[in-house]
1. Along the charge dipole of the chain, Cβ charges K/R +1 and D/E -1, which of SER23, ILE38, GLY283 sits furthest on the positive end?
2. Rounded to the nearest 0.05, what FRET efficiency is calculated for SER314 and GLU24 with R0 set to 30 Å and r the Cβ-Cβ distance?
3. Which percent of the accessible area of the stretch 218-340 is formed by carbon and sulfur heavy atoms (probe 1.4 angstrom)?
4. Give, rounded to the nearest 20 debye, the magnitude of the charge dipole that the stretch 85-231 has about its Cα centre when Lys and Arg contribute +1 at Cβ and Asp and Glu contribute -1 at Cβ.
5. Treat every Asp and Glu Cβ in the stretch 38-89 as -1 and every Lys and Arg Cβ as +1, leave all other atoms uncharged, and give the resulting dipole magnitude about the Cα centre to the nearest 20 debye.
6. Go ahead and estimate [θ] at 222 nm for the chain from helices alone: -39,500 (n - 2.57) per DSSP H run with n ≥ 4, summed, over the residue count, rounded to 500.
7. Dipole of the stretch 170-305, Cα-centred, from +1 at each Lys and Arg C-beta and -1 at each Asp and Glu C-beta, to the nearest 20 debye?
8. May I ask for the distance between the Cα centers of the stretch 1-61 and the stretch 235-309, given as a whole number of Å?
Amino acid sequence: MLAAKVFGKEDLRLVEVERPALSEESTEVIIKVKAAGICGSDNHIYHGQNPFATLPRVIGHEFVGEVAEIGDKVTGLEIGDHVVVEPITYCGKCYACRQGMPNVCKDLKVSGVHVDGGMQEYVKIDVKQAHKINKNIPWTTAVLAEPYTIAGNATTRAKVELGKTVLIQGAGTIGQLILRMAKAKGASVMISDVLDSRLEFAKLNGADRVVNVVNENLAEKLDEWTNQERANVVIDAACTRKTFEDCFEFASVAGAIVPLGMSAEPCQVAQKPIMQKQLTVYGSRLQAYQFAPVIKALEEGMLTDDGVVTQTFSIHDIQEAFDLINKEPEKVRKAVITFD
Ligand SMILES: [Zn+2]
Ligand SMILES: [Zn+2]
């Protein structure tokens, strides 16, 4: 069977690999992959810039497919079921797991990063990682479940809810999904970016206010919008040094901040706003327990794929997909790889 493997920096190859087989008496499931989204972090692996990834690696952590085989001990799943794959495994016993944060388990393994991922025709997973989704949901919509769980985790951590004001810095794909999630949870949302095209899309996604920081002053706009209170929740999806530092100024009293960047570069943040406003900074890595609510929201049409998936490519043309993402990034919100 075919697999898309990164061997080194900008060295992505389609290779023939052995199809996985079930172990005896297992809770394993073999998924025939139908669609896999390309994430910014896949592109980082492709460029040799993901500190967590080990090579060579079959990439892809956003994937969905049909159940092809099930182990003897599997219950609750049948051959032919459509599933979204939760791309993490964890120990269930360490401190993080006991705190309800398996996403930062000491033995965390992420598909497509630490173990082979979804950019191949068949993948073996444990039944715990398979989340059933209605067969009437198109594969190219179902494939957004994983990115939506990232938005679900960030907004859950910061307790985004009805009556709160949320500022999202950065209207790229994750920023837009967080916007939709925050709106679904009833919050009022302002979103900022440097590109009008992204802000136009944000308006379609329900943004209450959009700010282009190239020609508008975000602090002023925020004061105007919140009557000087500033934002109850600030989410940094732009992940630059400046946007991170600004979070502490843009947060309201008793506010929450969720930085999504993973830069190792130190920043300048004063102690005063944290103490004075009693701020809380929430880290948010991947997701914990978000698949069930996100899938339900997709099935009920509360979360959708309107305009997010901009291109689909056959697995045979995966190089073309990466070339487009790297040469014309403004044309791509989410490119999806499909399998016959
Ligand atoms: Zn991703
Ligand atoms: Zn653990």
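1. Highest projection toward the positive end goes to GLY283.
2. Details: r = 35 Å, r/R0 = 1.16.
Efficiency at R0 = 30 Å is approximately 0.30.
3. Values: 3280 of 6590 Å².
Answer for the stretch 218-340: carbon and sulfur cover 50 percent of the accessible area.
4. On the way: 19 positive and 16 negative charges, 149 e Å.
Charge dipole of the stretch 85-231: 720 debye, to the nearest 20.
5. Numbers: 2 positive and 8 negative charges, 67 e Å.
My answer is approximately 320 debye.
6. On the way: 11 runs with 92 residues, N = 340.
After summing the helix terms and dividing by residue count, I get -7500 deg cm²/dmol.
7. Working: 14 positive and 17 negative charges, 74 e Å.
That gives a dipole near 360 debye.
8. 28 Å
The values are calculated or read from the model by the stated rules, or taken from the named source; none is laboratory data. Fair warning: this is a prediction, and the values are worked out from it, not measured in the lab. FYI the Cβ positions are ideal-geometry reconstructions off the backbone, even for glycines, and counts take in every protein chain you see. Ligands, DNA and RNA are stripped out before the accessible areas are found, and what is left, the full protein with its side chains, is counted by its heavy atoms. Shrake-Rupley method; radii C 1.70, N 1.55, O 1.52, S 1.80 Å.
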